[in-house]
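Written out below as structure tokens is the structure these notes cover.
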Amino acid sequence: MGRPSRRVRTLLMTLGVLAVLAMAFVMFAGFWTDWLWYRSVKYSSVFTTTLWTKVGLFAVFGLLMAAAVGVNIWLAHRLRPPLSAMSLEQQSLDRYRMGIAPYKKWVLLAITALVGLIAGASATGQWRTWLMWVNGVSFGQKDPQFGMDVSFYAFDLPWYRFLLGFGFAAAVLSLIAAALTHYLYGGLRITSPGARATGAATGHLSVLLGVFVSLKAVAYWLDRYGLAVKSSDFKATGNWTGLRYVDANAYLPAKTILFCIAVICALLFFATLWRRTWQLPVIGFGLMVLSAILIGGLYPAIVQKFQVQPNEQAKESPYIKKNIEATRLAYGIESAKPEDYSGKGDPKRKAQQRDAAPTAASYRLVDSNVVSPAFQQLQQERKYYQFPATLDVDRYNGPDGKPQDTVIGLRELNIKGIQKRNWINDHFTYTHGYGAIAAKGTNTITDPDKGTVGSPDFTESGLPTSGQLGKYEQRIYYGEKTEQYSIVGGPQKELDYEKNGEETTSYKGKSGVNLSNPLNRAAYAVAFSEPQILYSGAVGEGSRILYNRTPKERVEAVAPWLTIDGDAYPAVVDGRIQWIVDAYTTTNGYPYASRTTLGDTTADSLTTNQRAVVAQQNQVNYIRNSVKATVDAYDGTVNLYQWDTKDPVLKTWMKAFPGTVKAKDKISPELKAHLRYPQDMFKVQRELLTRYHVTEPEQFYSGSDAWQVPDDPTNKDTSAVPPYYLSLKMPGDTAQKFSLTTTFTPAGRPNLGAFMAVDADANSDKYGTIRLLRVTETVQGPQQVQSELNGVPEVATFVRDLRGTDSDIEYGNLLTVPLDGGFLYIEPVYARGGSANYPLLKKIAVAYGGGKPVFKDSLTEALNAVFEQNVAEPPPVTTPPPGDTTKPPPATGDAALKAAIADAQKAYDDAEAALDKKPTDWEAYGRAQSALQDALERAAAAQAKPSPATSP
């Protein structure tokens with residue numbers, strides 16, 4: 001019977017060892033595959049720097065915490081009273097002491113190891129804070145309250161707060177551990193008569209309490225500086241950062257007083273080493289708590305109630321001014337100053353406006369947000385290809401050699417479209433997309449012989465593609481839609497493309513990790529939970545595994561200290577397709593600058609998981625587009641280029657990770673021609689400018705000139721209108737500039753409040769310059785223009801005719817263009833359905849200067865028609881000949897006047913009711929406005945003409 005028992009034990013031990021080895025290999029596989037990947041992209045220094053920083057923090061703070069707790073447990077045990085002095089209460093704990101006695105060293109080791117592991121693991125999360133502190137570069141800017149360099153708040157203060165938090169944790173854990181040890185060994189008594197603690201226990205615990213109170217004193221001192229970056233709610237501005245009147249005049253003195261009290265209290269605790277009594281320390285601690293309530297809480301509330309609230313604007317104005325200046329500087333909008341602009345235009349200049357309109361902008365009638373289905377239908381070629389739902393806008397030279405706005409999208413792989421799904425097809429055969437498809441942004445096909453009228457006019461098309469982009473590497477192994485791993489270059493051939501038969505290829509790039517090594521294969525089999533990688537015959541000599549294939553993933557991995565823009569966009573540069581990725585440096589430690597949440601601020605009507613900074617929900621109050629990154633679509637090469645050469649945050653990270661970011665002058669002219677101002681940066685700035693275009697504290701406090709980003713009028717969802725890339729002339733410019741534009745409306749109102757454009761051309765001397773046009777006249781906003789367009793009779797006829805062909809209307813981007821003192825609204829209108837199940841451009845809607853929209857077949861017709869409306873003088877009134885009843889004269893007299901006034905009042909009430917609805921009913925508002933205008937015209941006619949009963 002003994003032999004089977006030994007076999008069972010041996011088997012169990014073997015299984016246990018194997019289980020431990022398996023767990024160890026799983027952990028090793030994750031580490032090893034990460035190392036291999038970083039080495040494959042030539043950013044192994046990022047991996048090693050991050051790894052050793054985490055290891056160092058883990059070791060240092062784990063050992064410090066273990067030492068603090070362990071030493072205090074040892075000291076409490078060393079200071080225990082003799083057993084003969086123990087009370088009956090303590091004698092009842094004998095069985096616990098006896099149980100621990102044989103394992104005292106192991107218990108001590110286990111406790112210290114546990115707290116050390118927890119503290120070390122927690123400290124590894126502070127690797128960014130440590131690297132920023134140790135490599136911090138001066139901002140060269142001082143905060144207005146304390147005169148400290150901004151780097152103190154951005155780089156130093158976060159690290160000091162971590163150290164302080166760690167110190168508090170160590171003091172509390174040490175105090176608890178020491179108190180329990182003293183209690184277990186008789187140094188503390190709870191129920192026994194006489195002294196509650198021995199002198200040794202009193203001195204030991206008093207010192208620990210003194211350390212805790214000393215740390216509290218340090219916390220009070222740091223809290224003084226923390227006021228400069230403190231967030232609070234302020235009814236005048238909402239989110240507020242920095243000191244206000246009550247902070248500077250109540251909280252700041254209170255923190256200084258509490259610091260002094262805490263220092264005195266700590267000294268009283270330390271004094272118990274000589275005076276073994278708790279009396280003075282307890283009195284001091286009570287005084288500190290009472291002072292914290294009275295001085296730190298009650299006094300500031302009294303100041304706020306009786307000094308600030310009765311005259312809040314005057315009291316807060318100096319601090320509002322500091323907040324305005326800091327916020328504008330932190331977000332790069334300090335030079336954005338509103339310029340007065342009529343918005344209506346002079347109706348006497350209709351001829352000049354008509355002549356200037358064609359060159360005022362390159363009107364992008366091909367909406368990149370709408371025409372993706374057309375690309376899909378006309379250029380997909382195979383079901384296993386796909387285009388993004390929202391295409392990108394770029395600039396490429398046309399036949400005349402001049403840059404033209406171009407809509408571009410890559411034909412990426414879509415494994416869901418593979419007819420026969422299996423592991424080999426998904427990961428070995430179908431591995432890449434093929435080709436960039438481009439179309440003119442300014443027009444569509446108008447000649448039936450060249451294609452379907454209204455479809456995009458392609459400048460690069462086909463499979464393989466050909467056109468204006470020239471010769472380039474068309475295979476796309478890395479893209480926004482390429483999320484699965486592929487194994488290439490080995491025995492298994494890849495499908496290249498199907499044209500007149502299947503063309504195959506084998507990957508020749510250097511990216512990916514080599515799987516020829518059995519260890520690598522085993523590691524990836526474990527890491528990807530795919531055992532076939534280990535034994536499949538499709539994996540062999542030369543096989544390489546490609547993963548982390550989206551541009552955003554790759555840039556985030558090699559630069560984990562950057563925040564990545566939500567929209568990577570492709571460009572054909574020097575015979576290669578390059579993904580261009582904008583990246584930002586951020587901090588939430590800029591004094592006085594208001595904070596914003598990137599995930600919320602960058603959301604709009606086009607936001608998707610692929611096109612948003614959805615992971616960035618932390619608040620920031622400083623942002624710079626400091627890095628331009630590229631990812632090669634064929635071999636996945638990642639390059640980081642320094643773009644903002646003055647940004648101290650980027651300089652800090654470049655010190656921490658030397659050699660990872662290339663100098664700005666390494667950007668080739670061909671690449672620079674495709675760089676642009678990033679959308680997410682622009683959206684953050686426009687959100688801030690809804691309030692921070694105002695620089696006078698009194699006006700800022702009142703909020704009388706606050707703006708808002710309007711909802712997208714072409715989208716049924718109540719989400720912000722996206723910014724649009726457009727080449728246009730701003731007032732005073734002589735040539736078009738590639739720009740990023742948006743509109744504002746006054747807070748709570750639908751009319752146009754302002755227009756914003758930034759020079760988005762990286763080759764421009766004024767790249768990044770923000771222009772703000774403040775509208776001084778009452779001009780229709782985007783929602784009003786859209787509502788009025790919906791009420792145009794031609795639109796109703798167009799929609800009715802479409803429904804007869806099983807088609808529906810789809811509105812494109814509503815472009816806003818400054819022109820001769822007014823604003824020109826241009827909107828492409830698409831028909832979708834019928835024989836062509838993709839959007840076809842059918843009509844162009846145009847409005848100018850508050851006039852009625854026109855709805856025509858072409859842009860030229862629409863521009864001519866809209867400017868014919870703007871007549872300098874009213875047309876002469878002609879009396880119809882007797883008997884001509886084609887149009888009855890308007891009714892006149894008191895009865896007609898009363899009826900017109902009643903109709904006007906009803907229309908006004910209807911318009912207000914439409915505005916009050918949530919969401920606003922813009923169609924009803926547009927109908928009410930039309931009815932109001934008609935009623936006012938009838939009222940004017942009734943007043944101007946005498947009634948037949950009273951005429952002489």
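We did not get these values from a lab; they are worked out from the coordinates using the rules stated. Not measured: the values here are computed from a predicted model. Don't worry about glycine lacking a Cβ; one is built from the backbone with ideal geometry, like all the others, and counts go over all protein chains shown.
Some notes on this structure:
- Projected area averaged over orientations for the stretch 763-836, convex hull of C-alpha atoms, nm²: 7.9
- Placing dummy labels 7 Å off each Cα toward the beta-carbon, the span from ILE257 to VAL55 is 5.2 nm.
- Extension gain (nm, one decimal) between HIS77 and LEU287, 0.36 nm per residue minus Cα-Cα: 72.4 nm
- Annotation: extensible slack from LYS655 through LYS105 equals 193.6 nm (criterion: 0.36 nm per residue apart, minus Cα-Cα distance).
- Computed from backbone phi with θ = phi - 60° and the Karplus coefficients 6.51, -1.76 and 1.60, the 3J(HN,Hα) list for the stretch 529-536 is 6, 10, x, 5, 4, 6, 10, 5 Hz; x is used for glycine and proline.
- Unit Cα scatterers, Debye sum, the stretch 419-578: log10 I(q)/I(0) for q = 0.11, 0.12 Å⁻¹: -0.57, -0.67
- Note on LYS402/VAL17: beta-carbon distance plugged into 1/(1 + (r/R0)^6) with R0 of 51 Å gives a FRET efficiency of 0.10.
- Gain upon complete extension [THR10, THR504; 0.36 nm per residue less C-alpha separation]: 172.4 nm
- Cα lying deepest toward the dipole's positive end in the chain, options SER40, THR444, GLN736, charges on Cβ: SER40
- Qualifying trypsin sites (Lys or Arg not before Pro) for the stretch 683-736 [loop in DSSP, other Cβ within 10 Å: at most 14]: LYS716
- Counting every alpha-carbon pair across the stretch 198-330, the share separated by more than 22 Å comes to 48%.
- Alpha-carbon Rg with Dmax, taken over the stretch 196-264, Å: 17.4, 58
- Charge tally for ASN239 (other residues, Cβ to Cβ under 10 Å; Lys, Arg +1; Asp, Glu -1): +1.
- Of all complete DSSP H helices in the chain, those with a Cα span along the helix axis of 18 Å or greater and a mean Kyte-Doolittle hydropathy of -0.5 or more are 2-40, 44-78, 104-124, 157-184, 199-226, 252-271, 279-293, 894-916, 922-944.
- Debye-formula intensities of the stretch 254-396, expressed as log10 I(q)/I(0) at q = 0.11 Å⁻¹, are -0.82 (one equal scatterer per alpha-carbon, no solvent).
- Here is the size of the stretch 714-759 from its Cα atoms: Rg then Dmax, 12.7, 38 Å.
- Cross-link pairs beyond the 26 Å C-alpha cut-off, checked among LYS216/LYS651; LYS230/LYS655; LYS42/LYS628; LYS54/LYS105; LYS321/LYS664: LYS216/LYS651; LYS230/LYS655; LYS54/LYS105; LYS321/LYS664
- When only the Cβ of Lys, Arg, Asp and Glu is charged (+1, +1, -1, -1), the dipole of the chain relative to its Cα centre reaches about 5100 debye.
- Prolate is the label for the stretch 516-562, because the ratio a/c of its alpha-carbon gyration tensor axes (a ≥ b ≥ c) is 1.5 or higher and a/b is greater than b/c.
- The alpha-carbon of LYS856 sits under 19 angstrom from the alpha-carbons of these lysines, leaving out residues fewer than 8 places away in its chain: LYS350, LYS842, LYS843.
- Note on the chain: Rg/Rh from Cα positions, Kirkwood definition for Rh, rounded to two decimals, is 1.07.
- Of VAL303, VAL282, VAL817, VAL631, the sequence from fewest to most neighbouring Cβ atoms within 10 angstrom is VAL282, VAL303, VAL817, VAL631.
- Cα extents of the stretch 566-690 along the three principal axes, largest first (Å): 44, 37, 22
- Take every pair of alpha-carbon atoms less than 8 Å apart whose residues are at least six positions apart; their mean separation over the length of the chain yields a relative contact order of 11 percent.
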